[in-house]
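The values are calculated or read from the model by the stated rules, or taken from the named source; none is laboratory data. No experiment lies behind these values; they were computed from the predicted model shown. Because the Cβ atoms are built from the backbone with ideal geometry, glycine has one as well, and the counts that use them run over all protein chains shown.
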Amino acid sequence: MSEHNAREAISPRQISQRTDTVTPSVQSLEPTNMSIPPTQFSQTIDAATSSSVPVVSPPSTGRFVLSDQPQMSKRRFSRRAILAGLTGIAGLTVVGGGITWLIHSHTSGNTYPTGMSGPINIVWQSECDVTGVYAALVDNYNKTNRDGVHVTWRDGPASTDDLLNFYENTLRTRSGDIDVMSIDVIYPALFASKGWTVTLNDKWPASDRADYLSGPIRSCTYNGKIVAAPMRTDLGLIYYRTDIIKTPPNTWNDLVNLSQSHASRTRYGYVWQGLQYEANDHAQSRIAGKFDIHAMLYGGSNTTGHSCVGGWNLAINAFSKHVDASWKFIQYMLGPYAQKQLALQATFTPALKSVYNDPEVQQKQPLFTKIFPMLQTALPRPVSPVYQELSRMIQTRVHQALLKQVSPQDALNDLQSDLQTLVSR
């Protein structure tokens, strides 16, 4: 599920954390922990701007932080601060009167003048990854790919709202600084409606898309066009106490009956997050090892329960100058190797269906065998550019009913009026 904490918008600098080499602005960086004194480094930079000195050498190793960033605690700095590791930079060369960094990739071992010969360099802005799997996958791609593409990865902020604010601030200026974007499952329609994403139908035929879970694919479809590609997914489940019941409910009526018949065993028959918020807080459970999972329940004339699709999709920035190179990298992230690593290293539920039948995945992630059938019937939330407003309206009216501020019927009537007004705009 996504996190939607209301926070102030932040700049690209505040959320950018690169694990690979970058092309820095000399004016925006303050060197620390350098192998040569700062004064000598300053002289080196000054010398590089002179046409009489064709090549100079900055420190071979070093760490740089943006000089305009506030001080942070060590823990927060490791997650959110702008930290660019410039390991193995070979030197500076003057091109057309300006400074061009020679990038020495620690993954490829090759040195290429930026904007000249060598691979096409693209930037992937992801959501926050605390598992390390994204860095590993990017390193592997840079080492092994024959696409002529080099990827720089930027880790995102912990808050999805902060990431959305960053995207909006960047894309409104039609900036091509980012090539590949990780976007929350609820945002493909919003981005596509604003012209911020590249349509993928011609690049990703239906025959290839059939290999992926249908729910995440539907979340990437807007007005009949594929506007993003699902990288990983998640879903809502029913958890039941195996120390209280042996057979889980299938319908909502079953749940009511089981709750009533076991009222003496537990205080609540059904517990869920009732706050006006879409994500879950994870607390240490006192019933570890005493529960199992089950598919979402159904009611009325239905015979199948449908979980709600979550997850993250990959989209190509419509203002990128490297659309084809970006798609090559996305193909890698959608491929069997990357999708399997998402499952093994990070316990992410990937979008590629074949991963769930992989013997190694089944052995190391036995829960995936149970989840796979549920993923196949999962459905997306309304794919709409105004989903955020729609979600807020539903949350508000349902929450009012839960607090008994209004009757359930009045809440539904008010919600219908809210939604009709929204969609008629």
Evaluate the stretch 389-400: report whether one residue or more is more than 29 Å from Tyr167 (Cβ to Cβ), part of a loop (DSSP other than H, G, I, E, B) and not basic (Lys, Arg).
no
Conditions (1) farther than 17 Å from Thr233 by Cβ; (2) part of a helix (DSSP H, G or I); number of the one not met by Phe368
(1)
Scan Asp254, Asp234, Asp177, Asp202 and give me the residue that is out of contact with any Leu (no Cβ under 8 Å at 6 or more places or on another chain), of a type in the set (D, E, K, R) and closer than 26 Å to Tyr298 by Cα.
Asp234
When you scan the stretch 160-175, how many residues do you find that are surrounded by 18 or more Cβ atoms within 10 Å (Cβ to Cβ) and either under 17 Å from Tyr337 (Cβ atoms) or at pLDDT 95 or above (or both)?
8
Which number in (1) crowded, with 22+ Cβ neighbours inside 10 Å; (2) in a helix (DSSP H, G or I) marks the one condition that Trp124 misses?
(2)
Take the residues in the stretch 200-224 that are closer than 20 Å to Pro385 by Cα and in a loop (DSSP other than H, G, I, E, B); name whichever of them is nearest to the chain's Cα centre (by Cα).
Cys220
Flagged in the stretch 176-197 as over 15 Å from the mean Cα position of the chain (by Cα) and part of a loop (DSSP other than H, G, I, E, B), in numbering order, are Gly176, Asp177, Lys194, Gly195, Trp196
Going through Leu379, Leu419 one at a time, which residue ends up being assigned by TED's automatic domain parsing to the domain that holds Tyr187 and surrounded by 14 or more Cβ atoms within 10 Å (Cβ to Cβ)?
Leu379
